[in-house]
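The values are calculated or read from the model by the stated rules, or taken from the named source; none is laboratory data. All figures in this text were calculated on a predicted structure; none of them were measured in a lab. Here Cβ is always computed from backbone atoms with ideal geometry, including for glycine, and neighbour counts include all displayed protein chains.
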Amino acid sequence: MASSRLFFSLCLLFVEVLALAKAQQPVDQPKMSYHDCVGKGNYTTNSTYQANLNQLLTSIYTNTEINNGFYNFSNGQDADTVYSIALCRPDISPDACRSCIRNASDSLVRLCPNFVEAIGGLDDCMVRYTNRSIFNRMEKGPYFWVYDDRVNVSDVVGFNQSRMTLLDRLRDEAAAGDSRYKYAMDQIAAPAPNFQTIYALVQCTPDLSASECRDCLYNASGLIPKCCDARQGGRVIYPSCNFRYEIDRFYDPSINSIPPPPDSTSTNTVPSPPASTSQGMEYFSSTILNLSMWI
């Protein structure tokens, strides 16, 4: 009888230990949809550059004054200066944007330890950082693409023509945006025999000029024959612009208008650091061989 009680007590203790260990495990972060650890140098662990990088990324996702989903901050001096750009989809809330940037930043630093330059993102945001100035500059690499692996469209020629007509129009609309927003979204009906509506969203980092935004999206759409020809959906991500199209509406059409400018404008300097606290899509990259499912 005593041995049975001892066995039962040990079982309860084992269950409690397992429950405690599980509770202490960190919450899993969303899996990065794409990333690239750009091989242009490394920083030393516990260096000034690393401290500047961590402070810079924290200052972005804790900033509650910016609500347009675009951040271009720098931090540090001379060789230890870090530059970062973060861009969110225009149809998500500021809170969702900051949460996405935080998850992407944490994952990127973990996946690219000691790399002075890296880029990556989730479905709703993109983050990049480097030791060189990247502001007001159109860059086309590294790039990533994804396509819908469902059944291809029946009339490839007609579908492609409708898609390009839509993307061409949205490219001009996005380029006409201001220094806060450069995006456009809309839909178009593909002709018979597809009889499908194509939805698309295009976006540039708003620090680009109109011509740079237009050129970036034009070059990105030039990858369609390589990534997405005859596909029902596809997406191309450049560091400075991106586009996505689907036969299912994937964006919130209620935000399809640029809001008026705020009373005050923000600058691209790092704020004071906060107080310390203790369906099937596959991505392809210009430089990364491993694939990850888009969820």
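To keep it simple, each residue is scored yes or no on (1) within 17 Å of Tyr199 (Cα to Cα); (2) in contact with a strand residue (DSSP E or B) (Cβ under 8 Å, 6 or more places away or on another chain).
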position	(1), (2)
Asn103	no, no
Arg132	no, yes
Phe135	no, yes
Phe144	no, yes
Asp148	yes, yes
Met164	yes, no
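Checked against (1) closer than 29 Å to Tyr183 by Cα; (2) modelled with pLDDT under 95, Tyr61 meets all criteria but (2).
Suppose we filter Arg110, Arg89 for residues that are at pLDDT 95 or above, among the basic types (Lys, Arg) and under 24 Å from Phe250 (Cα atoms); which single one remains? Walk me through how you get there before you give the answer.
Values: Arg110 fails: under 24 Å from Phe250 (Cα atoms).
Going through Arg110, Arg89 in turn, the sole match is Arg89.
The set of residues in the range 82-103 that are part of a loop (DSSP other than H, G, I, E, B), within 12 Å of the chain's Cα centre (by Cα) and among the charged types (D, E, K, R) contains only Arg89.
Conditions (1) of a type in the set (Lys, Arg); (2) under 24 Å from Pro30 (Cα atoms), marked per residue:
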{"position": "Trp145", "(1), (2)": "no, yes"}
{"position": "Val157", "(1), (2)": "no, no"}
{"position": "Thr165", "(1), (2)": "no, no"}
{"position": "Arg171", "(1), (2)": "yes, no"}
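Answer yes if at least one residue in the range 75-90 is under 22 Å from Met32 (Cα atoms) and surrounded by fewer than 20 Cβ atoms within 10 Å (Cβ to Cβ), and no otherwise. For the range 75-90, residues under 22 Å from Met32 (Cα atoms) and surrounded by fewer than 20 Cβ atoms within 10 Å (Cβ to Cβ): absent. Residues in the range 133-177 that are in contact with a helix residue (DSSP H, G or I) (Cβ under 6 Å, 6 or more places away or on another chain) and in a loop (DSSP other than H, G, I, E, B): Met138, Lys140, Val153. On the stretch given as the range 197-218, residues that are assigned to a loop (DSSP other than H, G, I, E, B) and surrounded by fewer than 19 Cβ atoms within 10 Å (Cβ to Cβ) total 1. In the set Asn219, Asn152, Asn160, only one residue is closer than 19 Å to Pro239 by Cβ and among the polar types (S, T, N, Q); that residue is Asn219. Within the range 166-206, the set of residues being over 19 Å from Pro94 (Cα atoms) and among the basic types (Lys, Arg) comprises Arg169, Arg171.
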